[in-house]
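Readers should treat all values here as calculations from the given coordinates under stated rules, not as data from a laboratory. Note that the coordinates shown come from a computational prediction; the quantities given were computed from them, not determined experimentally. Every residue, glycine as well, gets a Cβ built from its backbone with ideal geometry; the counts of neighbours run over all protein chains shown.
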Protein chains: 2
Amino acid sequence: MPEFRKDPVTGRWVIIATDRARRPSDFSREQVVIKGGGYCPFCPGHEEKTPPEILAYRQSGGPNEPGWTLRVIPNKFPVLRVEGDFNRQGEGVYDRMNGIGAHEVIIETPDHNATLADLPEKRVEDVFWAFRDRIVDLKKDRRMQYLLAFKNHGESAGASLEHSHSQLIALPVIPRRVQEELEGARRYFEFKDRCIFCDIVRQEVDTGTRVVLETQAFLVICPFAARFPFELWILPRRHHSHFEETDPAAMANLAWVMRVVLRKLDRVLEKPAYNFIIHTAPVQEAPMDHYHWHIELAPRLTRIAGFEWGTGFYINPTPPEEAARFLREAGLG
Amino acid sequence: MPEFRKDPVTGRWVIIATDRARRPSDFSREQVVIKGGGYCPFCPGHEEKTPPEILAYRQSGGPNEPGWTLRVIPNKFPVLRVEGDFNRQGEGVYDRMNGIGAHEVIIETPDHNATLADLPEKRVEDVFWAFRDRIVDLKKDRRMQYLLAFKNHGESAGASLEHSHSQLIALPVIPRRVQEELEGARRYFEFKDRCIFCDIVRQEVDTGTRVVLETQAFLVICPFAARFPFELWILPRRHHSHFEETDPAAMANLAWVMRVVLRKLDRVLEKPAYNFIIHTAPVQEAPMDHYHWHIELAPRLTRIAGFEWGTGFYINPTPPEEAARFLREAGLG
């Protein structure tokens, strides 16, 4: 029998289509293959083809020279800009304002052919440190309300360049979906005096069926009301509302966890395209008892069709319990 | 300068990337080409390959025989079923219930090679009558809270069979995105004592820059805070909260409008994949002064990437004013 499941944070119902449960081999999907060969503005030696770097971790060389292992640059075609003012305007029933914000690109490696899953643990950790360093810097601009750190891997996940990179967008407003999550978590806290995510961590460890991986600092699960087949959440065991407060030991552990998770996905789903997003509290807010930062990751196996777009309602053909089992059994942990 | 725009109904902000405005030719996209040739369970003569029909409009023949011009069948692989009870259960922080509902397919034409845009006006009208007839029947089951009528056209829009069809899903819950729209419209009504959609119709007719088409009964616009390039809304000029209350004259006009809109899209964007969804009030509710049914339609030109998925925040590279101009100038009206 197909089943409705309710996400305990947002209240979103999803349909888990248990009757036609799909196994990893049932999905026809893009296999992400790095072709290389063409001209790449992200490769070492082409530093002058990008805007000047904002941050780099390097072993040699000066700014905008080769020798870096990670490089952060403004997006060459930014959707938002730091300069200017909002110039908020009404126009009858409508409201508009200038596109103030920031849009940065984290080039994760000088090696054009390496994916994030291929990088050594220390290099994966550097990506998270770069997110953190940029967040700490960008939040000084008090206009920036939300910092969205995410990665699109593979063309079908929205990556327009194949050289491995992540993105950071600074927004002067808090997005609706983020607000919804914050409000859901707040309502639960008001009712129970406990963090909903802390409760999820406890319950998932007890149940076990949706657990992919456990370490001293993180729990990886396929969430109960997963929207997408093989959707994964990486939850810190210790309560923190803000990602940028992560301490060095947890950051190192996170890199290990992310690397293992990506390698499991590559093995089980044959190098799928994927997106991940760091869900974290708004940067200008004080630490929150009710919100708990985490990472949501989903391979791109299904198309988002009219139904999902019109309703925010998802049909997931693979129960998270089965997805978790495939990923657990893939090893590499 | 890129611009933030706020949708007046839902409060959703979008970024309109005015600086790198994309013209129709700038998108690389699926051109929907009907290949035909293979075996098709929706073609006349194959009626026994589908579940028995629920409704058919026919010129000859008996039930489940050729001679129909439109046929409604239960989805062979339904995500929801009418039989059974909810059996609502809690499991710690989680909630689940059985997948009660309905999932029907409207086969729009016996002609495998015709798209909805190719059909005669009367056949397009029949599709809307079929939606209406099925809604009126399904709402008798008081468990069904929301009826979602939609169409996925083309593989990249989620259509799994190429023979032209639409879908109807009956849900025992009101989806989050629908609730959000209803609540936004209610808030506006409480504040202004007017329907937000009626105000949008008035303002768009006055402004003119986002208008694609005007008829006696409908207004077609590219909405101010469009999420997608060439997104279109078809708004009835007269206030009605429920699509199923549409009278015969308006229904005939709607068919004419939809056919022209689809032909404009086919001309300007070279037969793009698209989705449309009928946004209508929950079926068990009385007529509402604050909500106004309408159709939202979007061609599939951009990929939904991590940013959009994580935030409900959209970046639209084509200002709606430019999209509307291209569509206005395409003629066929």
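Miscellaneous remarks
- Yes/no for B:Ala324 being crowded, with 21+ Cβ neighbours inside 10 Å and out of contact with any Lys or Arg (no Cβ under 6 Å at 6 or more places or on another chain): no
- Residues that are in contact with a strand residue (DSSP E or B) (Cβ under 8 Å, 6 or more places away or on another chain), surrounded by 15 or more Cβ atoms within 10 Å (Cβ to Cβ) and farther than 30 Å from A:Cys222 by Cα occur at least once in the range A:31-44.
- Some residue of the range A:265-288 being closer than 26 Å to A:Glu180 by Cβ and charged (D, E, K, R): yes
- When the range B:142-154 is filtered for residues that are touching a Lys or Arg at 6+ places or on another chain (Cβ under 9 Å) and at the interface with chain A (Cβ under 8 Å from one of its Cβ atoms), only B:Asn152 remains.
- Residue, nearest to B:Leu301 (Cα to Cα), within the range B:206-230, restricted to residues that are touching an Asp or Glu at 6+ places or on another chain (Cβ under 7 Å) and of a type outside the set (S, T, N, Q): B:Cys222
- Count - residues of the range A:176-195 that are within 11 Å of chain B (Cβ to nearest Cβ), in a helix (DSSP H, G or I), surrounded by 15 or more Cβ atoms within 10 Å (Cβ to Cβ) and not polar (S, T, N, Q): 7
- Looking across the range B:66-78, the residues that are out of contact with any Gly (no Cβ under 9 Å at 6 or more places or on another chain) and without any contact (Cβ under 8 Å) to a residue 60 or more places away in the chain come down to B:Thr69, B:Arg71, B:Ile73, B:Pro74, B:Lys76, B:Phe77.
- Yes/no for A:Glu83 being free of Cβ contacts under 8 Å to residues at least 24 places away in the same chain, farther than 30 Å from A:Pro317 by Cα and of a type in the set (D, E, K, R): yes
- Selection status of B:Pro282, farther than 30 Å from B:Lys35 by Cβ, surrounded by fewer than 24 Cβ atoms within 10 Å (Cβ to Cβ) and either within 17 Å of the chain's Cα centre (by Cα) or within 14 Å of another protein chain (Cβ to nearest Cβ) (or both): yes
- Selected residue (criterion: nearest to B:Arg177 (Cα to Cα)) from residues of the range B:4-15 that are buried (at least 21 other Cβ atoms within 10 Å of the Cβ) and within 8 Å of another protein chain (Cβ to nearest Cβ): B:Arg12
- Scanning the range A:24-66 for residues that are within 24 Å of the chain's Cα centre (by Cα) and either under 27 Å from B:Ile169 (Cβ atoms) or of a type in the set (Gly, Ala, Ser) (or both) yields A:Pro24, A:Phe27, A:Ser28, A:Arg29, A:Ala56.
- Counting the residues of the range A:198-252 that are assigned to a helix (DSSP H, G or I) and among the hydrophobic types (A, V, I, L, M, F, W, C) gives 9.
- Qualifying residue in the range A:159-175 (condition: assigned to a helix (DSSP H, G or I), within 8 Å of chain B (Cβ to nearest Cβ) and within 28 Å of A:Arg123 (Cα to Cα)): no
- Evaluation of A:Thr18 against (1) at negative phi; (2) polar (S, T, N, Q); (3) more than 10 Å from chain B (Cβ to nearest Cβ) (one fails), failing number: (3)
- Just one of (1) over 30 Å from B:Asp289 (Cα atoms); (2) touching a strand residue (DSSP E or B) at 6+ places or on another chain (Cβ under 6 Å); (3) charged (D, E, K, R) fails for B:Lys151. It is (1).
- Residues that are within 14 Å of chain A (Cβ to nearest Cβ) and either farther than 17 Å from B:Ala185 by Cβ or of a type in the set (S, T, N, Q) (or both) within the range B:198-220 comprise B:Gln203, B:Val205, B:Asp206, B:Thr207, B:Gly208, B:Thr209, B:Arg210, listed in sequence order.
A quick yes/no check of all residues on (1) out of contact with any Ser or Thr (no Cβ under 9 Å at 6 or more places or on another chain); (2) among the aliphatic types (A, V, I, L, M):
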| site | (1), (2) |
| --- | --- |
| A:Arg88 | yes, no |
| A:Gly92 | no, no |
| A:Asp95 | yes, no |
| A:Ile107 | no, yes |
| A:Pro110 | no, no |
| A:Leu116 | no, yes |
| A:Arg123 | no, no |
| A:Ile135 | no, yes |
| A:Lys140 | yes, no |
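- Scanning the range B:53-86 for residues that are within 14 Å of another protein chain (Cβ to nearest Cβ), surrounded by 15 or more Cβ atoms within 10 Å (Cβ to Cβ) and under 11 Å from B:Val105 (Cα atoms) yields a total of 3.
- Residue in the range A:247-265 that is out of contact with any Leu (no Cβ under 9 Å at 6 or more places or on another chain), among the charged types (D, E, K, R) and touching a residue at least 12 places away in the same chain (Cβ under 8 Å) present: no
- Failed item in (1) touching a Pro at 6+ places or on another chain (Cβ under 8 Å); (2) hydroxyl-bearing (Ser, Thr, Tyr); (3) touching a residue at least 60 places away in the same chain (Cβ under 8 Å), with A:Ser241 passing the rest: (3)
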